[in-house]
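Here the structure is laid out as structure tokens; the discussion comes afterwards.
The values are calculated or read from the model by the stated rules, or taken from the named source; none is laboratory data. Treat the numbers as computed from the prediction; the structure is a model and nothing was measured. Glycine gets a Cβ as well: all are built from the backbone with ideal geometry, and neighbour counts include every protein chain shown. Heads up: the accessible areas ignore ligands, DNA and RNA and are worked out on the full protein's heavy atoms, side chains in. Shrake-Rupley method; radii C 1.70, N 1.55, O 1.52, S 1.80 Å.
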Amino acid sequence: MYRFVLTRQWVCLTLIGLVLIPAMIKLGFWQFHRHEHRVAQNELIAKNLTDKPVPMGQVTSPGHTVPRADFWRAVTATGTYDSAHEVVVRMRTSNDGKVGFQVVTPLVQDDGKAVLVNRGWVAGGDDPRAYPPVPAAPAGEVTVTGRLKADETSGDSGIKDRKGLPDRQVMLINSAQQAEYLGKPVLGGYLELTAPVPADGSPEVVAEPDHDSIGPHMAYAVQWWLFTLGVPAGWIILVRREKRDREEAAAKAAAELDQEPAASPAA
């Protein structure tokens, strides 16, 4: 009755289904793990943003690689801005999506170690290769608060640190590179400024990272698993339909044979 499933066409269809099932299960778990990662990251961001700020020197040091557990941690630093060694980071977007620069100004502490402070975003001027108009950093000793960020690398960010850039322009915020430029030790990572906010709103401080949305990954995981269930269900439906069609064709052929007139006897 079901011998047709052993035909070449049906064997190929069955093999395709057997390949699709584990593939879609794996894709579902891939999306599920992305959902778990997003939830864990949101929890980390929320915790680190609300923790009491600590001096940046307590959680990092020159040459230190900031671990993921410390990303976005609230930190403070006290020192004097070194505006002469300020740089701007190219190809950065404002909070509303405009392309411009981020301003990174070293803050030199009493112990001689510097902290890279990302003071925020500014628009470019008429000449994209010229140093943009940047509001001067506050003079004298200041205390700043911000979010601790890890050094940017071309591998992590996908942005190549191109050579031959205009003077005082960079592609990445990297403490080791800036230590060579400054000629003094720089604490690993950098501080993304949150306070004090410039009175005139420029530079535009970087917005707080999103830690509320969880994205569509869980929905995608459920979809893939439903597709997985649909493969055997669809196979069964097709088999039953094929069996029914074959039975109807056989019954029709038998009825046509019954309706044929009997052959006339020989004269």
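Over the chain, dividing the summed -39,500 (n - 2.57) contributions of all DSSP H runs of at least 4 residues by the number of residues returns a 222 nm mean residue ellipticity of -13000 deg cm²/dmol. Note on GLN223 and VAL239: the model spin-label points, each 7 Å out from Cα along the C-beta direction, lie 2.9 nm apart. Build a GNM of the chain with springs between Cα atoms under 10 Å apart, and of TRP72, TRP235, TRP225 the one that fluctuates most is TRP235.
In summary, the helical segments of the chain meeting the span-like criteria, namely a full DSSP H run, a Cα extent along the axis of 15 angstrom or more and a mean Kyte-Doolittle hydropathy of at least -1.0, are 8-50, 217-259.
For the chain, a Gaussian network of Cα nodes joined below 10 Å ranks ASP51, ASP126, ASP110 by mean-square fluctuation, and the top entry is ASP126.
Could you compute the FRET efficiency for LYS52 and GLU141, with r as their C-beta to C-beta distance and R0 at 25 Å, rounded to 0.05?
Details: r = 22 Å, r/R0 = 0.89.
E between LYS52 and GLU141, to the nearest 0.05, is 0.65.
Using the average count of surrounding beta-carbon atoms within 10 Å as a protection proxy, the listed peptides 194-200, 215-221 rank, highest first, as 215-221, 194-200. Peptides 56-64, 168-176 ordered by packing proxy, namely the average of other Cβ atoms within 10 Å per residue, highest first: 168-176, 56-64.
Think of a 1.4 Å ball rolled over the protein heavy atoms: the chain then has 59 Å² of accessible area per residue.
Given a Förster distance of 35 angstrom, what is the FRET efficiency for ILE214 paired with ALA250, based on the Cβ-Cβ distance and rounded to 0.05? That pair, ILE214 with ALA250, gives E of 0.05.
Which order, highest average first, do 85-94, 136-145 follow once you tally other Cβ atoms within 10 Å for each residue and take the mean per peptide? Don't skip to the end; give the middle numbers.
Working: 85-94: 18.1, 136-145: 13.4.
Highest mean packing first, the order is 85-94, 136-145.
The portion of the accessible surface of the chain made up by carbon and sulfur, rounded to a whole percent, is 59 (1.4 Å probe; DNA, RNA and ligands excluded). Note on the chain: GNM, Cα springs under 10 Å; of GLU242, GLU180, GLU43, the largest mean-square fluctuation is that of GLU242. This model, with +1 at the C-beta of Lys and Arg and -1 at the C-beta of Asp and Glu, gives the chain a dipole about its Cα centre of some 840 debye.
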